[in-house]
2 protein chains.
Amino acid sequence: MDNTRIDRHRLWASLMEMAKIGATPKGGVHRLALDDDDWTARDLLVQWCREAGCSVRVDKMGNIFARRPGRSVAAAPVMAGSHLDSQPTGGKFDGALGVMAALEVIRTLNDLRIDTEYPVELVCWTNEEGSRFSPAMLGSGVFAGVFPLVHGLGMTDQDGRTVGEELKRIGYAGREEVGGSDVDSYFEVHIEQGPILETEGIDVGVVTGAVGQRWYDVTLTGQEAHAGPTPMDMRRDALLGACEVIDAVYRSAVDNGPDARATVGHMRVYPNSRNVVPGRVTFSVDLRHPDDNELARMDSVLSEICLKVLRERKLELGLHQLFHFPPTEFDAECVGLVRDAAERSGYSVRDVVSGAGHDAIYMQRVAPSGMIFVPCEGGISHNEAENISLEVASAGCQTLFNAVLGRANRERRAA
Amino acid sequence: MDNTRIDRHRLWASLMEMAKIGATPKGGVHRLALDDDDWTARDLLVQWCREAGCSVRVDKMGNIFARRPGRSVAAAPVMAGSHLDSQPTGGKFDGALGVMAALEVIRTLNDLRIDTEYPVELVCWTNEEGSRFSPAMLGSGVFAGVFPLVHGLGMTDQDGRTVGEELKRIGYAGREEVGGSDVDSYFEVHIEQGPILETEGIDVGVVTGAVGQRWYDVTLTGQEAHAGPTPMDMRRDALLGACEVIDAVYRSAVDNGPDARATVGHMRVYPNSRNVVPGRVTFSVDLRHPDDNELARMDSVLSEICLKVLRERKLELGLHQLFHFPPTEFDAECVGLVRDAAERSGYSVRDVVSGAGHDAIYMQRVAPSGMIFVPCEGGISHNEAENISLEVASAGCQTLFNAVLGRANRERRAA
C-alpha cells in the first residue's frame with residue numbers, strides 16, 4: 001500500500017456541490033449540454049481548476065482543458081476527465097464523477113507537492129450524452145477526428161439551435177483547434193451503469209475495451225385483418241412475426257457468451273387497434289459484442305430469422321442497419337496500469353468490457369486510453385435514482401490517481 | 001328453382017346511390033353514426049321506404065322501422081335489416097348491404113304483388129360500428145335489453161356530444177319505445193369480413209352462430225436498464241415476456257380448431273427507446289371461440305403463460321379481463337330457412353360461425369334470428385378497399401328474399 005491518498009471528503013464535497021447545478025426534486029440532475037445549468041457547471045469547474053493552479057483552455061467544440069504542468073515542457077499531457085452534461089432525468093455521477101475525480105487528482109498532486117514528468121490535464125467533453133444534440137460523444141468525437149468540426153458545430157437541438165450558436169451564447173466557443181495537440185494518454189473513471197460489479201462485490205472494474213455495436217430498424221409488413229372473421233392460418237400477422245424475430249435475436253445473445261447483448265427497446269404496432277390483426281410492426285434491434293466476428297454471427301442470426309419469418313408468415317421485410325460500430329480494445333499498457341493502480345490500493349478488481357459508449361472509446365483512436373469502472377447501486381443510471389457511496393467514488397478516484405501518477409512519472413521515451 | 005327473383009340491378013343501383021353519401025376519394029365511405037352523412041342516408045332510406053308503401057316509425061334510440069303490412073294485423077313482423085353507419089375509413093357494403101337487401105325484398109314483394117301472412121319490416125339500427133359512440137351495436141343492444149335506454153342515449157363521442165343530443169339534432173329522436181313491440185324473427189345479410197367463403201368458392205354462408213369473446217388488457221412490468229452494460233441474465237425485460245405470452249396465446253388458438261381466434265392488436269412499449277431494455281409493456285388480448293368451454297380453456301392458457309413468464313422473467317403482471325361475451329347460437333329454424341333459401345336459388349352454401357359482432361347477435365336474445373354471409377374480396381372490410389360484385393350482392397339479397405318470404409308465409413301458430 002501507498003501513502004499517497006486522495007482526499008475522499010473533498011472529492012465528495014465537489015461532487016455534491018456540482019450536483020446542485022440542475023438538481024431535480026428526485027435527487028437527480030437535469031443539465032443538458034450547453035444549457036444554462038451546463039454553463040454554470042462549466043464556470044464552476046473552470047474556477048476550481050484555476051484555483052488549483054491550472055491553465056485553462058477551451059477548444060472550438062467547447063471542450064475544456066485544465067493543465068497542471070510537468071517537468072518536461074515538451075511532453076504531451078496525461079489526460080483524465082469525462083463530461084458534465086446529463087440526461088434529461090439523469091443522475092449526479094454519470095460523467096461528473098470522471099471530471100471531479102480528475103480535479104481531485106490534480107488537487108492531491110498539489111497537496112502532496114508531487115511534480116510529474118508529464119503534464120497532467122483535466123478534460124471536460126462537450127455533449128457526451130447526446131440527449132440535446134445527437135449524436136452522443138460529440139466533443140470527443142470531433143477531437144478524435146470521428147466527425148468534422150463543421151458537423152459538430154452544426155448539430156441542432158429540437159428547437160433548431162446549433163451547438164455553435166449555443167457555445168457562443170454561453171461563452172464556450174474557444175479559440176483552440178480541436179484535436180490539434182498531442183495527447184500522451186487518456187484515463188476516465190465512470191460508473192459502470194450495469195449490475196455486474198455490484199452483484200459480484202467487486203470494487204473496481206478494469207475496462208479492457210468496449211463492445212462493438214450494430215443497430216437496425218426492422219419493419220415487417222403483413223395484412224391488416226378483422227380479428228374475428230379471419231382464421232389463424234389465413235393471417236399475415238406482423239406482430240407474430242416480430243415476436244419470433246425478437247425471441248431468436250435474444251437467444252442468439254444468450255448463446256453468445258456473457259458479453260453479448262441484444263435489445264429491442266423500441267416498437268410500434270400498426271394500426272394498433274385491439275380487434276385488428278396488426279398489418280405492420282416496426283422495431284429496433286441493438287446487438288453488441290466485444291468480438292467483431294461474434295457480432296457478425298449475431299447479425300447472421302438476425303438476417304436468417306427475418307428471412308424465415310418472411311417466408312413462413314408471408315410478410316414483407318425491411319431490414320436496415322443504421323450503423324456498425326466496431327469493438328474497441330483499450331491500450332494494453334493503460335489497462336495494465338489501471339489494474340495495478342487498483343490492486344496497489346487494495347481494491348478487488350475484475351476485467352470488464354464496456355457495454356456502453358464513452359468518450360474514452362473515441363480517445364483510444366488518437367491516444368493510449370484506459371477506463372476505470374465503479375459499481376453503481378442496482379446498476380441503475382440515466383435515472384434520477386442513480387447512486388454511489390463516498391467509498392465507491394473514492395475507490396475510482398484513488399485508482400485514477402495511482403494510474404495517472406504512474407503514467408505521468410514513467411521514464412520518457414526518446415522523442 | 002323459383003321464379004320469384006329480386007331485381008339485382010335495382011339493388012345495385014340503391015347500394016351505389018347510398019354509397020355516394022359520405023363517399024371517400026378511395027372508394028369507401030365515411031359516415032359515422034348520427035353525423036350529417038348518416039342523417040342524409042337515413043332521410044334517403046325513409047324516402048325510399050315510403051315510396052315502397054311502408055309505414056315508417058323511429059324509436060327513441062333512432063332505430064328506423066319500415067313496415068309492409070301482412071294479412072294478419074295482429075302478427076309480429078318478420079324483420080330484416082342491418083345498419084347504415086360506417087367506420088371512419090369504412091367500405092360501402094358493411095351494413096348498407098343488409099339494409100338495401102331488406103328494401104329490395106319489400107320492393108320485390110310489391111312488384112310481384114305478393115301478400116304475406118306476417119308483416120315484413122325493414123330495420124336500420126343506430127350506431128352499429130361503435131366508431132363514434134362506444135360500444136358497438138348500441139341500437140340493437142338497447143332494443144334487445146342488453147343496455148338500458150338511458151345508457152344508450154348518454155354515450156358521448158370524443159367531442160362530448162351524446163347520442164341523445166345528436167338524435168335530436170338530426171331529427172331521429174323517435175317517440176316509439178325501444179324494444180316494446182313483438183318481433184316474429186330477424187334476418188340480416190352481411191358481408192363475411194373474412195376470407196373463408198372466397199377462398200373456398202362458396203356463394204352463401206349460412207351463419208349458425210357467433211363466437212364467444214374474451215377481451216383482456218395485459219401489463220407486464222420489469223425493470224428499465226441500459227442496453228449495453230446489462231447482461232442478458234440480469235435483465236427483467238418486459239418485451240421478452242410479452243413475446244412469450246403472445247406466442248403461447250396464438251398457439252392456443254391454432255391448436256383449438258378452425259374457429260378459434262387469438263389476436264394481439266394493440267401494444268405499447270415503455271420507455272420505447274432503442275437502447276433501453278423495456279421496463280413495461282401493455283398489450284391487448286382478444287380470444288374468440290364458438291364453444292364457451294374451449295374459450296375457457298384458451299383463457300386458462302393465457303393465465304398460465306402469464307404466471308410462467310412472471311416467475312421465470314421476474315416480471316410483475318396485470319391481467320384484466322375487460323369482458324366476456326358468451327357464444328351465440330342462432331335459431332335452428334331460421335338457420336334452416338336460410339340454408340334452404342340459398343339452396344333453392346342454386347347457390348353453393350356452407351355453415352359458418354361469425355367471428356365478429358352483428359346486430360343479429362343481440363336480436364337472437366329477443367327473437368329467432370338468422371344471418372346470411374356473402375364473400376367479400378380478399379376478406380377485407382373496415383377499409384375503403386372493401387368490395388363485392390353485383391352477383392354477390394344479389395345472391396345475399398335473393399337468399400334473404402326466399403328466407404323472409406318463407407317465414408312470413410308460414411302457417412300461423414295459435415296465439
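Just so you know, all these numbers are worked out from the coordinates, no wet-lab data involved. Remember, predicted model here, so these are calculated numbers, not experimental data. Here the Cβ positions follow ideal geometry from the backbone for every residue, glycine too, while neighbour counts run over all protein chains shown.
A protection proxy built from the mean count of other Cβ atoms within 10 Å ranks the segments B:9-19, B:391-401, A:303-313, most packed first, as B:391-401, B:9-19, A:303-313. Collect residues whose amide H, placed 1.01 Å from N in the peptide plane, falls under 5 Å from the amide H of B:Val178; neighbours closer than 5 in sequence don't count. So B:Val178 has HN proximity to B:Lys60. As a ratio to 2.2 N^0.38 Å, the alpha-carbon radius of gyration computed for segment B:101-157 takes the value 1.54. Scanning chain B for the beta carbon that comes closest to the axis linking it by rotation to A yields B:Cys243, 2, distance in whole angstrom.
Given in Å, the Rg to one decimal and the Dmax to the nearest whole number for the Cα atoms of segment A:249-311 are 14.1, 44. Simple rule: put +1 on each Lys or Arg Cβ and -1 on each Asp or Glu Cβ in the protein assembly as shown, find the dipole, and look at B:Ala248, A:Ile305, A:Asn387; the Cα lying farthest toward the positive end is A:Asn387.
Across the identical copies, the label point of A:Phe325 (7 Å from Cα in the Cβ direction) is separated from its matches by 4.8 nm, in order from shortest. Across the options A:Thr221, B:Gln158, B:Ala225, the greatest Cα extent toward the positive end of the charge dipole of the protein assembly as shown (unit charges at beta carbon of Lys, Arg, Asp, Glu) belongs to B:Gln158.
For chain B, DSSP calls about 65 percent of its internal beta bridges antiparallel. The mean number of Cβ atoms from other chains found within 10 Å of a Cβ in peptide A:238-250 is 4, as a whole number. Taking one quarter of the surface of the C-alpha convex hull of segment A:144-201 gives a mean projected area of 7.1 nm².
Size descriptors for segment B:275-394 (Cα atoms only): Rg and Dmax, in that order, 20.5, 64 Å. If only the Cβ of Lys and Arg carry +1 and only the Cβ of Asp and Glu carry -1, the dipole of segment A:1-105 around its Cα centre is close to 320 debye. Applying D = kT/(6 pi eta Rh) to chain B, where Rh is the Kirkwood radius over alpha-carbon pairs, T corresponds to 37 °C and eta to 0.692 mPa s, the Stokes-Einstein value obtained is 145 µm²/s.
Using DSSP, restrict attention to beta bridges with both residues in the protein assembly as shown and report what percent are antiparallel, rounded to the nearest 5. Approximately 65 percent, going by the DSSP bridge assignments. Counts of other chain beta carbons within 10 angstrom of each beta carbon in peptide A:347-355 average 1. When only the Cβ of Lys, Arg, Asp and Glu is charged (+1, +1, -1, -1), the dipole of chain A relative to its Cα centre reaches about 480 debye. One equal scatterer on each Cα of the protein assembly as shown, no solvent, Debye formula: the resulting log10 I(q)/I(0) at q = 0.06, 0.08, 0.10 Å⁻¹ is -0.54, -0.76, -0.96. When the Cα positions of A:His324, A:Gly145, B:Ala262 are compared along the charge dipole of the protein assembly as shown, A:Gly145 comes out farthest toward the positive end, with charges on each C-beta of Lys, Arg, Asp and Glu.
Protection proxy ranking of A:92-102, A:364-374, by the mean of other Cβ atoms within 10 Å over each peptide's residues and highest first, is A:92-102, A:364-374. Sorted largest first, the principal axis extents computed over the alpha-carbon atoms of segment B:233-285 equal 40, 24, 13 Å. The C-alpha atoms of segment B:296-358 occupy a region whose extents along the principal axes are 61, 20, 17 Å, arranged from largest to smallest. Derived from the Cα gyration tensor, the three semi-axes of the equivalent ellipsoid of segment A:183-312 are 38, 15, 13 Å, largest first.
Centre-to-centre, using Cα atoms only, segment B:235-286 and segment B:69-136 are separated by 40 Å. Using the Karplus relation 6.51 cos²θ - 1.76 cosθ + 1.60 with θ = phi - 60°, the per-residue 3J(HN,Hα) values for segment B:122-131 come to 7, 10, 10, 7, 7, 6, 6, 5, x, 6 Hz, with x marking Gly and Pro.
Here is the short version for chain A: A:Cys124, A:Cys306, A:Cys334, A:Cys376, A:Cys397 have no other Cys C-beta closer than 4.7 Å.
Pairwise inverse Cα distances across segment B:353-415, averaged and inverted, put the Kirkwood hydrodynamic radius at 14.1 Å. Using only the alpha-carbon atoms of segment A:1-137 as identical scatterers, what base-10 log of I(q)/I(0) does the Debye formula give at q = 0.10, 0.19 Å⁻¹? Here log10 of I(q) over I(0) equals -0.33, -1.06.
Relative to the longest principal axis of the Cα atoms of chain B, the long axis of helix B:292-312 makes an angle of roughly 20 degrees.
For segment A:337-410, the dipole from Cβ point charges (+1 on Lys and Arg, -1 on Asp and Glu) about the Cα centre works out to 460 debye, to the nearest 20.
Kindly flag which residue pairs out of B:Lys60/B:Lys168; A:Lys92/B:Lys314; A:Lys60/A:Lys92 have an alpha-carbon separation exceeding 18 Å in this structure. Going by Cα-Cα distance, A:Lys92/B:Lys314; A:Lys60/A:Lys92 fall outside the 18 Å limit. Sequentially through segment A:366-382, phi angles give Karplus couplings (6.51, -1.76, 1.60; θ = phi - 60°) of 10, 7, x, 9, x, 10, 10, 9, 10, x, 10, 4, x, x, 8, 8, 6 Hz, Gly and Pro residues having no value and appearing as x.
Between copies, B:Leu44 shows label-point distances of 7.1 nm, shortest first, with the point placed 7 angstrom from Cα along Cα to C-beta. Placing a label point 7 Å from the Cα of A:Gly130 along the Cα-to-Cβ direction, the distances to the matching points in the other copies come to 4.3 nm, shortest first. The HN-Hα couplings worked out from phi for segment A:355-363 by the Karplus form 6.51 cos²θ - 1.76 cosθ + 1.60 (θ = phi - 60°) are x, 10, x, 8, 4, 4, 5, 5, 5 Hz, whole numbers, x standing for Gly and Pro. Kirkwood hydrodynamic radius computed over segment B:18-68 comes to 11.8 Å, based on all pairs of distinct alpha carbons. Counting only DSSP beta bridges with both residues in segment A:34-142, what percent are antiparallel, rounded to the nearest 5? Of those bridges, close to 60 percent are antiparallel. The relative contact order of chain A comes to 23 percent, based on Cα pairs under 8 Å that sit 6 or more residues apart.
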